[in-house]
Amino acid sequence: MSAPGGLSQDEAFARIRLLRSPNVGPVTYLHLLARFGDAVSAIAALPEVAGRSGRPYKPASEHRIHDEIAATRKAGARYLFHDSPDYPRLLAESEGAPPILTWRGDLSLLARPCVAMVGARNASAAAIRLAREFAHELAAQGWTVVSGLARGIDGAAHQGALATDGATVGVIASGIDITYPPEHGALQENVATRGLLLAEQPPRAEPLARHFPARNRIIAGLCLGTVVVEAAPRSGSLITARLAGEMGRQVMAIPGSPLDARSHGCNQLIRDGATLVQGAQDVIEELTDFSGIAPTSLREPPRHWAEEMSIAQSGEPADVAGLLTTAPVGVDELIRQSGAAASAVQLVLVELELAGKLVRHAGGRVSLG
């Protein structure tokens, strides 16, 4: 494997292995890198750190990672690490951003201003036409249209953007070598060759139900705003819109007939404060400043990623396990109640998560698993 971004082959391999190890999510991954300095050292320390909670622990096997890298290469894909200069700034700012993505296509599309378009899988013919027209005009005016390659609105958004210069990003809930739904095989390949295809899951991973909310957070995180074209209440599209709102991004919706259940989600979003849009120009005006210029998605020169993590190299774990229940509580509240240093609290949370005893929730909250 040729290591990207100036990483050594050993460090790139260890990073993939670290993230694929049991109970290592995005937050714990970054905490471990910060504490131990690099992934090679973190992997070596994993059994001891996890063992403090009383359970034996084995990192992902080297054979499994060699097999994954070979499958990634066979798919024509590459890895994008969280501290690469090419990693999109907006996604990096979002909570629980994926530390490693696999990709095919034109990574420079993420440097353009991005807007998400999502909606119903069983969309009406009128909504599909609107999504295609919105995406076509947005792409023609220099925007990258991001969606999830699902049936209905997602597919129409990709098709509309591809009809111009291919300025579209497809974020999938499976491995990068899996097509879902199967009938989108040609469309997914078109996105990968003319636009950009992104996956958080490793190659050969099937699109399980739990992967879709994770996929949705990436769609929302990449973009300045999210447009919901048509959506029923409690749909995945509304999850994406909620995540966008929690990230401080713009949420927009196209209104629809109250007689069509597929419009109820959009109409409710508008009632709750989302911006009503009726054309692509409305979207552009909502996402640009008074000069008509959209904020850049280019990665700004960041502080070193380790400086942003709160686990000190020499920190000792705090006694906070007794403060945890199955009800989610904010990490800041644990720090206040325990009276311990933030680094000490974070260390015990990492140990509990590695042992499978901790669940992380949105908004920086945790609970016993």
* Which is in contact (Cβ under 8 Å) with a residue 24 or more places away in the chain, within 23 Å of the chain's Cα centre (by Cα) and assigned to a helix (DSSP H, G or I), of Ala116, Ala127, Ala135, Ala120? -> Ala135
* Asked: Mind checking whether some residue in the stretch 165-175 is touching a His at 6+ places or on another chain (Cβ under 8 Å) and part of a loop (DSSP other than H, G, I, E, B)?
  -> yes
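Each row is one residue, and each column tells you yes or no for (1) surrounded by 12 or more Cβ atoms within 10 Å (Cβ to Cβ); (2) at pLDDT below 85; (3) in contact with a strand residue (DSSP E or B) (Cβ under 7 Å, 6 or more places away or on another chain).
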site	(1), (2), (3)
Gly279	yes, no, no
Leu287	yes, no, yes
Pro301	no, yes, no
Ala306	yes, yes, no
Gly330	yes, no, yes
* Look at Thr193 and say whether it is at negative phi, assigned by TED's automatic domain parsing to the domain that holds Arg210 and not in a helix (DSSP H, G or I). => no
* **Filtered residues of the stretch 68-90 (kept if in contact with a Lys or Arg (Cβ under 9 Å, 6 or more places away or on another chain) and either within 21 Å of Gln188 (Cβ to Cβ) or among the charged types (D, E, K, R) (or both))** => Glu68, Ala71, Thr72, Ala75, Gly76, Ala77, Arg78, Tyr79, Asp86, Pro88, Arg89
* To do: Scan the stretch 138-176 for residues that are over 14 Å from Gly195 (Cα atoms) and either of a type outside the set (A, V, I, L, M, F, W, C) or without any contact (Cβ under 8 Å) to a residue 24 or more places away in the chain (or both) and jot them down.
  => Gln141, Arg151, Gly152, Asp154, Ser174, Gly175
* Asked: Among the listed residues Ala39, Ala60, Ala50, which satisfies the condition of being out of contact with any strand residue (DSSP E or B) (no Cβ under 9 Å at 6 or more places or on another chain), at pLDDT below 90, surrounded by 15 or more Cβ atoms within 10 Å (Cβ to Cβ) and more than 19 Å from Ser174 (Cα to Cα)?
  -> Ala50
* When the stretch 78-102 is examined, which residues are found to be among the hydrophobic types (A, V, I, L, M, F, W, C) and in contact with a Leu (Cβ under 8 Å, 6 or more places away or on another chain)? -> Leu80, Phe81, Leu90, Leu91, Ala97, Ile100, Leu101
* Checking Ser338 against (1) surrounded by 14 or more Cβ atoms within 10 Å (Cβ to Cβ); (2) among the polar types (S, T, N, Q); (3) at pLDDT below 65, which single condition isn't satisfied? -> (3)
* Residue check for Gly322: over 20 Å from Ala241 (Cβ atoms), at pLDDT 50 or above, over 26 Å from the mean Cα position of the chain (by Cα) and not in a helix (DSSP H, G or I) -> no
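Yes/no matrix, rows are residues, columns are (1) farther than 30 Å from His82 by Cβ; (2) crowded, with 24+ Cβ neighbours inside 10 Å; (3) modelled with pLDDT under 95:
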| position | (1), (2), (3) |
| --- | --- |
| Asp106 | no, no, no |
| Val145 | no, yes, no |
| Gly155 | no, yes, no |
| Val169 | no, yes, no |
| Ser174 | no, no, no |
| Thr179 | no, no, no |
| Glu183 | yes, no, no |
| Ala192 | no, no, no |
* Structure fact -> In the set Asp67, Asp10, Asp83, the lone residue that is in contact (Cβ under 8 Å) with a residue 40 or more places away in the chain, of a type in the set (Asp, Glu) and either in a helix (DSSP H, G or I) or not assigned by TED's automatic domain parsing to the domain that holds Glu189 (or both) is Asp83
* In the stretch 70-80, how many are assigned to a helix (DSSP H, G or I) and in contact (Cβ under 8 Å) with a residue 40 or more places away in the chain? -> 4
* To do: Kindly list the number of the only condition in (1) modelled with pLDDT under 95; (2) within 18 Å of the chain's Cα centre (by Cα) that fails for Leu196.
  => (1)
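The values are calculated or read from the model by the stated rules, or taken from the named source; none is laboratory data. Remember, it's a predicted structure, so these values are computed and weren't measured experimentally. For neighbour counting, all protein chains shown are included, and Cβ atoms are generated from backbone atoms with ideal geometry for every residue, glycine included.
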